[in-house]
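A.B. asks: Let me give you the structure first, and then I'll get to my questions.
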Amino acid sequence: MELVQPSAGYKNSFIGAVKEFQGDADYTHRNKWYRSLVIPELEADFDSFVERELSHSRGENLREGYVPYSTFWLVDGGEFVGQTNVRHRLNDHLMQIGGHIGYDIRPSERGKGYGNKILELALQKARELGIKRVTVTSDIRNVASRKIIEKNGGILENQIFNPEMGHDALRFWIDIS
Ligand SMILES: CC(C)(COP(=O)(O)OP(=O)(O)OC[C@H]1O[C@@H](n2cnc3c(N)ncnc32)[C@H](O)[C@@H]1OP(=O)(O)O)[C@@H](O)C(=O)NCCC(=O)NCCS
């Protein structure tokens, strides 16, 4: 199991995962991103999709208000299992909600320990980027995510209302210096 950069070699399992996310009744911001992808476009030109994903780390093709970020895919046995985004720095919004690192595991592979592992590996990537203290946030309803953050050394700082979700978010810090 490892984190790799997005690559056309994982086209089939990535698209399979997108279909699962799109069929999953999930409230998270990350699920919204998967729902925004168009399967026929991925099927037709996966290389362009991969190139766009890679370009974000160079500060290119960023949505308004986004900071540069690196995307990594968790792969196991040659198959896409999940994704993490490591933001190179925080802005005001990320400082409150979102933090340095976001992650997800495809629905059919949840509950097998991949969530704990993807954050552990993402923290190594953050360290390589020179980040010393990572902030991670979790919707208060997201019990699995809270456990993952705490297992990886997360110390709860506070709880704030997330207007986008209509619920509180928990804000954690993880020292990786
Ligand atoms: C949150 C998420 C990454 C968890 O992935 P996962 O692979 O199921 O996580 P794991 O199997 O490593 O489980 C992590 C912990 O949560 C627990 N857990 C898993 N699913 C759970 C659930 N539905 N309810 C309660 N606890 C749960 C596990 O028992 C484990 O606890 P433990 O380490 O004490 O045994 C996954 O559900 C997901 O992708 N959700 C959508 C995106 C998201 O919420 N991302 C996080 C915020 S950025």
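Just so you know, all these numbers are worked out from the coordinates, no wet-lab data involved. Fair warning: this is a prediction, and the values are worked out from it, not measured in the lab. Heads up, the Cβs are rebuilt from the backbone with ideal geometry, glycines too, and the neighbour counts pull from every protein chain shown.
A.B. asks: As an exercise, take the mean of 1/r over every pair of distinct alpha carbons in the chain, invert it, and state the Kirkwood radius in angstroms.
C.D. replies: Averaging 1/r across every pair of different Cα atoms and inverting gives 16.6 Å.
A.B. asks: Only Lys, Arg, Asp and Glu count, each charged at its Cβ (+1, +1, -1, -1), so figure out the dipole size of the chain about its Cα centre, rounded to 20 debye.
C.D. replies: 500
A.B. asks: Next question. At residue 45 and residue 177, where each label point lies 7 Å from the Cα along Cα→Cβ, what is the point-to-point distance in nanometres?
C.D. replies: The answer from the label model is 4.6 nm.
A.B. asks: Now for a different question. Using 0.36 nm per residue of separation minus the Cα-Cα distance, give me the extension gain between residue 159 and residue 93 in nm, one decimal.
C.D. replies: Difference between extended and current length: 22.3 nm.
A.B. asks: Per DSSP H run of at least 4 residues, take -39500 (n - 2.57); add these up for the chain, divide by its residues and hand me the 222 nm value, nearest 500 deg cm²/dmol.
C.D. replies: Here the helix-only value at 222 nm equals -10500 deg cm²/dmol.
A.B. asks: If you don't mind, there's one more thing I want to ask. Hey, can you list the DSSP H helices of the chain whose Cα span along the axis is 15 Å or longer and whose average Kyte-Doolittle score is at least -0.5?
C.D. replies: What comes out of the filter, once short or polar helices are dropped, is 11-22.
A.B. asks: Further, regarding this structure: If you take the charge dipole of the range 2-131 about its Cα centre, with +1 on Lys and Arg Cβ and -1 on Asp and Glu Cβ, which of 16, 94, 121 is farthest toward its positive end?
C.D. replies: Checked the options; the winner is 94.
A.B. asks: Now, a different point. Pairs of lysines 8 or more apart, or on different chains, with alpha carbons under 21 Å: count those in the chain, would you?
C.D. replies: Qualifying lysine pairs in the chain: 13.
A.B. asks: Using the Cα centre of the chain as origin and beta-carbon charges of +1 (Lys, Arg) and -1 (Asp, Glu), tell me which of 170, 84, 142 is placed farthest towards the positive end of the dipole.
C.D. replies: 170
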